Amino acid sequence: MSSPQPRPILCVVGARPNFMKIAPIMRAFREEGLPAWLLHTGQHYDEDMNTSFFRDLGIPEPDINLGVGSGTHAQQTADIMRKVEPVLDEQHPAAVLVVGDVNSTIACALVASKKGIPVIHVEAGLRSRDRTMPEEINRVLTDQISDLLFTTERSAADNLVREGIDIERVHFVGNVMIDTLHYNLSRAQPIGDTLAEYGIDPRIADDPAGFALVTLHRPSNVDDPDILEGIVGCLGQISCELPLIFPIHPRTRARLEDFGLMERMASNRIMCTPPMGYLQLLGVMKESRVVLTDSGGIQEETTALGIPCVTLRENTERPITVTEGGNVLVGHDPRRIMAAVGEAISRRRGEPRRPEYWDGKASQRIATILRDWLPS
Ligand code: UD1
């Protein structure tokens, strides 16, 4: 008699940074013969924030889409919880796998854990120690209720042990986001094509002075008019030195418009575009002289690419990008931003870095561990 097929692992995605993490995991599961379903909560839904990533990264069509959309934190988290519960009741997955730190992560982990379904957290143990960040709350709580925790850097295990988590459940596997970077580097969209698509002067790519890439979306930077005005002022000054390419997140665009700051960016040296797809952004990032960002993933990607990164935050949950990469933390103080950008411009571009296990094989390690861990 043939042994029964194991029940699938339910893999959860919801928001943009989840897509780069789930793509290599789904691929590794397929190669390892591990059955998996993909559940999309619908936290992000636009072509720019969602659909283009599925296309670029070859992520299979979700088996289930909860279609929750935007809302306050409580509404969004509660909607996901309400809608995922009947799915878990019907499907009885072997485990629920969540990635990262977005609202979809904690919402699905919480429902699964209360139903006694094992929770697997990929990118566990990262801590900014800043509880004003919604993501920090999501990280701490998700880790507390996870049965199996996969980490990207060694410091994460220390954080988990400090919070009372059994080290036996923690596995250092490396960084799945960097799996995606390695897999797609040669497929990145040539920068010339991207510039043409957005009507940007193509000479920017050949200028020996180079250009800077800017991404901003954290509420702490964009929701306060004075802070955002200070940052916009910096962008104006930096653009006198280097042209900027600024793909604008929908939250940021809305705030810039609300605060009447969009006009301040009307310069032929600040190229504003809609949010870019993965292969487009990668093509721009890998050619940039310096990146200004408040994203978590971009701190890691610039480390792997050897590009100086100026992070507009006071802390990072990814300390390896500072100790091993070219990342500096500057908060939102204009003087610190300007000093760090000046320093980064004067620095030569570094060599690509490969922190331990950032080798493109993290997802394979996860699949191998799960094959032995899941009940047959
Ligand atoms: C979420 C994550 C954040 C992640 C970011 C990447 C949480 C708590 N935050 O923040 O960790 O870095 O995604 O983008 O989960 N919107 C659209 N189209 C979309 C999605 C959103 O226009 O497809 C607009 C809506 O106006 C929405 C706003 O963007 O209200 C913010 O979206 P939301 O998912 O609430 O949070 P993000 O700021 O994107």
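The table below gives the values:
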quantity	calculated
Among (1) under 14 Å from Leu244 (Cβ atoms); (2) surrounded by 21 or more Cβ atoms within 10 Å (Cβ to Cβ) - the single one Ser267 does not satisfy	(2)
Close pairs from the stretch 94-106: first touching a residue at least 24 places away in the same chain (Cβ under 8 Å) and in the same structural domain as Gln75 (by TED's automatic domain parsing), partner within 11 Å of the ligand (Cβ to nearest atom) and of a type in the set (D, E, K, R), Cβ under 6 Å, at least 6 apart	Asp101/Glu135; Asp101/Arg139
Matching residues, the stretch 261-308, being assigned to a helix (DSSP H, G or I), without any contact (Cβ under 8 Å) to a residue 60 or more places away in the chain and among the charged types (D, E, K, R)	Glu263, Arg264
Any hit, the stretch 83-95, residues being crowded, with 22+ Cβ neighbours inside 10 Å and either closer than 22 Å to Ile178 by Cβ or polar (S, T, N, Q) (or both)	no
Flag for Val222 being within 16 Å of the ligand (Cβ to nearest atom) and touching a Lys or Arg at 6+ places or on another chain (Cβ under 6 Å)	yes
Hits in the stretch 47-85 - residues which are away from the ligand (no atom under 11 Å from the Cβ), outside any helix (DSSP H, G or I) and aliphatic (A, V, I, L, M)	Ile59, Ile64, Leu66
Residue match in the stretch 120-129 (condition: within 17 Å of Gln91 (Cβ to Cβ) and buried (at least 19 other Cβ atoms within 10 Å of the Cβ))	yes
When residues of the stretch 4-36 are limited to those that are of a type in the set (Val, Ile, Thr) and within 16 Å of the ligand (Cβ to nearest atom), the one farthest from the chain's Cα centre (by Cα)	Val12
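The values are calculated or read from the model by the stated rules, or taken from the named source; none is laboratory data. Everything numeric in this text was worked out from a predicted model, so none of it was measured. Note: ideal-geometry Cβ built from the backbone for every residue, glycine included; neighbour counts use all protein chains shown.
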